[in-house]
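Participant: Sharing a structure here in structure tokens format.
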Amino acid sequence: MSRRLIVSLVAAALAVLAGGAWLWFGRDLPRPAALRAEPTSALYALVDSRQADAAPVTVAEIFTPGTQTIGGMTRTAVEELADCDDALWGTSAPGCTQALRATYRGPAVAGQFVIFNLPDGRAADALVAALREDGFVRQTTPFDATRSRAEVRALGHYVTVSWLGALTAERGTDLVQPLIALDALGNAIQTRVLAAT
């Protein structure tokens with residue numbers, strides 16, 4: 001058997017193993033049972049690029065004292081990630097300079113909110129599309145992903161992800177109202193739009 005053939009067979013075997021490893025280890029990475037994803041719109045044209053909206057978002061700006069309790073949930077943790085890909089699996093966020101993440105917990109539901117700071121609206125829309133199909137944010141608080149809902153939105157050069165799920169086996173747990181409250185954390189970007197007018 002020639003050396004070239006052996007090298008080709010080894011390379012093919014490694015490719016098969018890598019694909020199998022992805023299927024085996026990647027299959028249990030959680031995704032929301034229901035997902036709504038929206039690209040950016042003209043409403044956010046004034047913050048469509050980091051050049052036009054250069055100041056980094058801050059923890060105090062997004063997670064204010066007034067949002068310590070929302071939708072019957074209490075904020076349990078906040079963090080800023082220098083590497084946006086630390087918040088993701090199955091995809092990446094090229095050009096992203098920061099990701100802020102908070103977790104919330106209530107008696108029946110728990111959730112998380114993540115905001116990504118991307119170069120422009122095109123990059124934001126690309127991340128939204130990837131989160132719809134290729135991967136998702138890493139789950140950082142325990143809840144039942146098979147009974148969860150998420151909202152993914154591009155807001156100019158930002159992307160917000162609100163993801164919430166049930167904590168109990170009780171059927172009929174309301175996910176809609178707490179998710180609306182969690183998603184409202186993204187309204188901080190509207191304040192930036194108003195400041196840019």
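Participant: Of all accessible surface on the stretch 81-138 at a 1.4 Å probe, what whole percent is carbon and sulfur? Mind dumping the intermediate values first?
Facilitator: Numbers: 950 of 1970 Å².
The value for the stretch 81-138 is 48 percent carbon and sulfur by accessible area.
Participant: Dividing the convex hull volume of the Cα atoms of the chain by its residue count, what figure in Å³ per residue is obtained?
Facilitator: Dividing the Cα hull volume of the chain by its residues yields 135 Å³.
Participant: Please work out the C-alpha center-to-center distance from the stretch 64-79 to the stretch 138-184 and express it in whole Å.
Facilitator: Using only Cα atoms to place each centre, the spacing works out to 14 Å.
Participant: Could you grab the relative contact order for the stretch 44-105? Cα pairs under 8 Å, six or more apart, rounded to a whole percent.
Facilitator: Numbers: 62 pairs, mean separation 19.7, N = 62.
It comes to 32 percent, rounded to a whole number.
Participant: Calculate, for the chain, the solvent-accessible area per residue in square angstrom, rolling a 1.4 angstrom probe over the heavy atoms of the protein chains.
Facilitator: On the way: 10080 Å² over 197 residues.
Here the residues of the chain average 51 Å² of exposed surface.
Participant: Determine, from the Cβ-Cβ distance of THR76 and ALA129 and an R0 of 45 Å, the FRET efficiency 1/(1 + (r/R0)^6), rounded to the nearest 0.05. Mind dumping the intermediate values first?
Facilitator: Details: r = 30 Å, r/R0 = 0.67.
Efficiency at R0 = 45 Å is approximately 0.90.
Participant: If I model a spin label as a point 7 Å beyond the Cα along the Cα-Cβ vector, how far apart are those points for LEU43 and VAL59 in nm?
Facilitator: Each label point is offset 7 Å from its Cα along the Cβ direction, giving 2.9 nm.
Participant: Give me the base-10 log of I(q)/I(0) for the stretch 158-197 at each q in 0.17, 0.20, 0.23 Å⁻¹, Debye formula, one uniform scatterer per Cα, rounded to two decimals.
Facilitator: One equal scatterer on each Cα of the stretch 158-197 leads to -0.56, -0.67, -0.78.
Participant: What angle, in degrees between 0 and 90 and rounded to the nearest 10, separates the Cα long axis of helix 3-26 from the longest principal axis of the Cα atoms of the chain?
Facilitator: Taking the Cα atoms of the chain, the angle to 3-26 is about 30 degrees.
Participant: To test your reading of the geometry: what angle, between 0 and 90 degrees and rounded to tens, separates the Cα axis of helix 121-133 from the longest principal axis of the chain?
Facilitator: So the inclination is approximately 60 degrees.
Participant: In addition: Would you mind calculating the gained length between ALA169 and GLN68 on full extension (0.36 nm times residue separation, minus the Cα-Cα distance), in nm to one decimal?
Facilitator: Values: separation 101, 0.36 × 101 = 36.36 nm, distance 2.60 nm.
My answer for the length gained is 33.8 nm.
Participant: What distance in nm lies between label points placed 7 Å from Cα along the C-beta direction at GLN98 and ALA184?
Facilitator: Distance between label points: 2.4 nm.
Participant: Further question: Using the Kirkwood radius over C-alpha pairs as Rh, can you work out the diffusion coefficient of the stretch 89-197 via Stokes-Einstein at 20 °C, viscosity 1.002 mPa s, in µm² per second?
Facilitator: Numbers: Rh = 14.5 Å.
Rounded, D is 148 µm²/s.
Participant: Moving to a separate point now. Only Cα pairs under 8 Å and at least 6 apart count here; give the relative contact order of the stretch 95-194 as a rounded whole percent.
Facilitator: Value for the stretch 95-194: 30 percent.
Participant: Which residue, ALA99, THR69, ALA196, has the largest displacement toward the positive end of the dipole of the chain when charges sit on each Cβ (Lys, Arg +1; Asp, Glu -1)?
Facilitator: ALA99
The values are calculated or read from the model by the stated rules, or taken from the named source; none is laboratory data. Keep in mind that this is a model prediction, so the values were computed, not measured. Every residue, glycine as well, gets a Cβ built from its backbone with ideal geometry; the counts of neighbours run over all protein chains shown. The area values use the complete protein model at the heavy-atom level, side chains included, leaving out ligands, DNA and RNA. Shrake-Rupley method; radii C 1.70, N 1.55, O 1.52, S 1.80 Å.
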